[in-house]
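Accompanying notes for the structure given below.
Read-outs: derived from the displayed coordinates by stated rules, not from any lab. Here the structure is a predicted model, which means the values were calculated and not measured. Cβ placement follows ideal geometry from the backbone for every residue including glycine, while neighbour counts extend to all protein chains displayed.
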Amino acid sequence: MIRKTYLDNAATTQVRPEVIAEMAKVLAEDFGNASSSHSFGRHAKSVVEMARKSIAKQLNVSAQEIIFTSCGTEADNWILRSAVRDLGVKRIITGKMEHHAVLHAAEAIAAEFQIPLEFVRTLPSGNIDLEHLQELLRSGVPTLVSLMHVNNEIGTVLDLAAVGKLCRENHAYFHSDTVQSVGKCRFDLQQLPVDFIVASAHKFHGPKGIGFAYVRKGIVLQPMLFGGEQEKGLRAGTEAVHNIAGMAKALELAYEHLEDEENDITSLKHYAISQLQQHFPGAKVNGADTFYNIVNVCLPIAPEKTAMILFHLDMKGIAVSRGSACQSGSAKPSHVLAEILSDEDLKKPSIRISFSHYNTREDIDYLIDVLQSV
Ligand code: PMP
C-alpha cells in the first residue's frame, strides 16, 4: 500500500476529530433555521451566536465585529468592493504577491469604479517595501491598503503593526488577508491598527465553506448579498449552523494547542530544510524569515524535470504544491515566485511544503527519499 503523506496544509487542512464530532452533533440536533422564532430556530440561533462570541473572544474583539461568510474569498471581495463603493475610497494599494482573492478582486473593482490600483514594491526577500508604501500613502488620496499577513505560497510575513500604523497616520483603511495566519498565531485586534481581516476555517482544521470577516466597530459596510436579515442584513442567506459551530470549535482548539503545535511544526520545518540542503546541495529557500508552517524551496533539479516532479510525488502518495513554472507550457508560472526569483531560478522546480501538527519526521524522510528518485 502507498504511504499517504499530506504536506499541503497551506492549501487546506485535515479537520480535527473534535470538530467533526461537534458538527455532527449540530447537524443532528440543531437543524432549525436560525431565523425561525420557534424553539428549533432559537436553538440554532444560539449556536450561531455562541460561535460568534467564541471567535470574537479569541481575537479580542466584540461579537458584532465578526461577520460570517462562505469563505475567505468572499470576505476579501466584499471588503474591497464595499470600501470603494461605500466608504469613499478612491484608490487601492496592494501587492503583486497577494492571493488572487485580493489581486483579481482589486483589479476588477478598480476597473469597475475607475479608480487607480497601485502596487507596493516587493523586496528581493519577498517582503513588502514599507518605505515605498509610505511614499505612496503621502499623496493623501482616500485609500484602502490591502496587504496579506502570511503569503500562502512562500510564507513571508507582513508586519501588521507597522503597516497599520502607516495607514492610520495617513488616514487610509487597512485590510489584511489573514487567511493563512488566523488560528496559527495570536491576534489582539484591540491593539492592532487593522480595520479588516478575513479568515477561512478550512485552513485551521475546520470545515470548508465557512469563513469570516472582521470589520472594525464604527466602519459601516453595505450588504454583499441582498435578502434576509442574516448577519445584520450584510450577508443574507440561511446560516450554515454546523459549519459556523465547526469553525468556532476549530479556532478554539487551534488556540488551545497553539504553542505546542507551533513548536513541533517549527522543528519539523527546520528538519525539512536541513534534510533538503543536505540531500540537494544548492537547494534554496524562497523568501526570507518565513512563517513556521510553510517552506517554499527551489531545488537544484534539471528544469526539464519540473513538470513531472509533482506527478511523481503524487504517484507515491505525497501531496505538496507546485511552486514554480510548469515546463509543459500549460500552466502559468507562479505570480509570487515570478516577483522574487531570477529567470534562471524560475525555470527550476520549486515546491511548497506546508506542515501541520499531524506531520512527522518520517513524512519528511519519505519526501526526501522520493525526491531523490526523481
Ligand atoms: N487568501 C489566502 C492567502 C489563501 O491562502 C486563500 C486560500 N488558498 C484564500 C485567500 C481563499 O480562501 P478560501 O479558500 O476560503 O476562499
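Only Lys, Arg, Asp and Glu carry charge here, each on its Cβ (+1 for the first two, -1 for the last two); on that basis the range 17-256 has a dipole of about 360 debye about its Cα centre. Computed from phi, the 3J(HN,Hα) profile of the range 69-83 under the Karplus parametrisation 6.51, -1.76, 1.60 (θ = phi - 60°) reads 10, 7, 5, x, 4, 4, 5, 4, 4, 4, 5, 4, 5, 5, 4 Hz, with x in place of Gly and Pro. On the basis of the beta-carbon distance and an R0 of 30 Å, residue 186 and residue 358 show a calculated FRET efficiency of 0.90.
Peptide packing for 218-228, 189-199, 159-169 was compared via the average number of neighbouring C-beta atoms within 10 Å per residue; ordered from the highest value, the list is 189-199, 159-169, 218-228. By the beta-carbon count within 10 Å of each Cβ, the least crowded to most crowded order of 273, 66, 294, fewest first, is 273, 66, 294.
Across the range 270-284, computed HN-Hα scalar couplings (Karplus, 6.51 cos²θ - 1.76 cosθ + 1.60, θ = phi - 60°) run 4, 4, 4, 5, 5, 5, 5, 5, 5, 8, 10, x, x, 5, 10 Hz from first to last residue, x flagging Gly and Pro. Computed over the chain, relative contact order equals 22 percent, with contacts defined as Cα pairs under 8 Å that lie 6+ residues apart. Each peptide in 76-87, 5-16, 129-140 was scored by the mean count of other Cβ atoms within 10 Å over its residues; highest first, the order is 76-87, 5-16, 129-140.
Between amide H atoms placed 1.01 Å from N, distances below 5 Å from residue 69 occur with 211, 212, 213, all of them 5 or more places distant or on a separate chain. Sequentially through the range 109-125, phi angles give Karplus couplings (6.51, -1.76, 1.60; θ = phi - 60°) of 5, 4, 5, 5, 9, 6, 10, x, 10, 10, 10, 6, 5, 9, 7, x, 6 Hz, Gly and Pro residues having no value and appearing as x. Residue pairs exceeding 20 angstrom between C-alpha atoms, taken from 184/348; 45/249; 165/232: 184/348; 165/232. Under 5 Å from the amide H of residue 34 lie the amide H atoms of 239, each residue being 5 or more positions distant or on a separate chain, with H modelled from the backbone and absent for Pro and chain starts. Amide H to amide H distances under 5 Å link residue 8 with 354, where only residues 5 or more positions off or on other chains count and H is placed in the peptide plane. Sparse packing (at most 11 other Cβ atoms within 10 Å of the Cβ) combined with a DSSP loop state is found for the following GluC sites (Glu not before Pro) in the range 204-241: 229.
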